[in-house]
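**Q** Here you go, one structure.
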Amino acid sequence: MEALYIGGAQTPIATTLRGILHSVEGYHVSAITPHQFFDSEISPPIPPTNLKLDVILAELSRFKMQPVAAVRALRQRYPETPLLVMHYYDRAPLISPLINAGADHYLRLGSNIAEQKVIETVSALAETD
């Protein structure tokens, strides 16, 4: 499974998520920053446009745009790829607009993020593709 993590490429959250998913046989996770993802001046584009992604994981707190706008932009670029968004929100009025904008699933970031929940969520999303 090919996953793309968009967030702080060297942050503790990125390291933890990559570690969790790399521990599962057959999973490969690339990590880039939102700037790398959206910068049209980078050649070749990151990620390569021919890369077949099974799931995109986006840490919305690292984007310099509003979270809903970030979800719409991600969905516009990858309309068919399952999109898991993550943020520190814990209330439905803040989460629902993300789902309505095109996110397939939401995970709350924090110290209590469960390894098994991450694996199950990513696996389930990748299977829907």
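Each value in this text was obtained by applying a stated rule to the coordinates, not by laboratory testing. Bear in mind the structure is a predicted one, so any value in this text is a computation, not a measurement. All Cβ positions, glycine included, derive from the backbone under ideal geometry; neighbour counts span all protein chains shown.
**Q** On a full-extension model of 0.36 nm per residue, what is the gain between T11 and E120, subtracting their alpha-carbon distance, rounded to one decimal in nm?
**A** Values: separation 109, 0.36 × 109 = 39.24 nm, distance 2.23 nm.
Between T11 and E120, full extension yields an extra 37.0 nm.
**Q** How many nm is it between the label spots at D90 and R108, if each spot is 7 Å from the Cα in line with the beta carbon?
**A** Result: 0.5 nm between the two label points.
**Q** By counting other Cβ atoms within 10 Å of each Cβ, how are E25, E59 ranked from fewest to most? Display every interim value, and only then the final one.
**A** Working: E25 6, E59 25.
Lowest to highest Cβ neighbour count: E25, E59.
**Q** Whole-Hz Karplus ³J(HN,Hα) for the range 20-36, in order, using 6.51 cos²θ - 1.76 cosθ + 1.60 and θ = phi - 60°, x for Gly and Pro?
**A** 4, 6, 5, 6, 8, 4, x, 9, 10, 10, 9, 10, 9, 8, x, 4, 4
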